[in-house]
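The values are calculated or read from the model by the stated rules, or taken from the named source; none is laboratory data. Not measured: the values here are computed from a predicted model. Because the Cβ atoms are built from the backbone with ideal geometry, glycine has one as well, and the counts that use them run over all protein chains shown.
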Amino acid sequence: MKPSKIDMQERLTQGFLQTLALVVAAVTLAATVNWRRPHPLPWVGDWKASGGVEAEKGALSVVSLEEARAAFFSGEALFVDARDPETYREGHILGAVNLPWMMFDEAAPRVLSNVAKEQLIITYCDGEGCGLSREVAVALAAMGYQNVRVLVNGWTVWIEAGLPTGADD
């Protein structure tokens, strides 16, 4: 026997109401768990590439491409490439030093031996999601460097802007 149109409508309505009840229950549970956490997750966040770096605040901040370009041409900044040595050798911002995050403890004393604590240091890596430059910047700030900035997605934006690069063959 074929179900009537009214039976079908009732089943659809019942299915919709059950689904709605499940969604409301899930959202309520999630909100309650988040509320009870020692450090609740924010409901609204800054999802742009620099948001994670800006959220750190303190001695760490983001530098725009325009600011980085001006610092490069004035010679006032030391550029620090946080990528691995092989990638650095393939291409880097002209004059940048290589200070890979995974080798930071061994390389930092050598790379930074003549760098003043007040020196403007701009760290970079590649890709909007790359956190290496942020990690290096945090470590530099912890060492007492007072003017450390991060160029988010640095290598890509530098190349796209046609700014000077170098490579170690």
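Can you confirm whether region 136-153 contains a residue that is farther than 19 Å from SER74 by Cβ, loosely packed, with under 13 Cβ neighbours inside 10 Å and within 17 Å of the chain's Cα centre (by Cα)? Checked against the condition, which is being farther than 19 Å from SER74 by Cβ, loosely packed, with under 13 Cβ neighbours inside 10 Å and within 17 Å of the chain's Cα centre (by Cα), region 136-153 yields no hits at all. Considered as a group, the residues in region 78-132 that are in a helix (DSSP H, G or I) and either in contact (Cβ under 8 Å) with a residue 60 or more places away in the chain or not assigned by TED's automatic domain parsing to the domain that holds SER61 (or both) include one that is surrounded by the fewest Cβ atoms within 10 Å (Cβ to Cβ), and that residue is GLU90. Taken as a whole, the condition of being assigned to a loop (DSSP other than H, G, I, E, B), charged (D, E, K, R) and farther than 18 Å from VAL63 by Cβ applies to ASP168. The sole residue among GLU10, GLU66 that is of a type outside the set (A, V, I, L, M, F, W, C), part of a helix (DSSP H, G or I), modelled with pLDDT of 80 or more and surrounded by fewer than 10 Cβ atoms within 10 Å (Cβ to Cβ) is GLU66.
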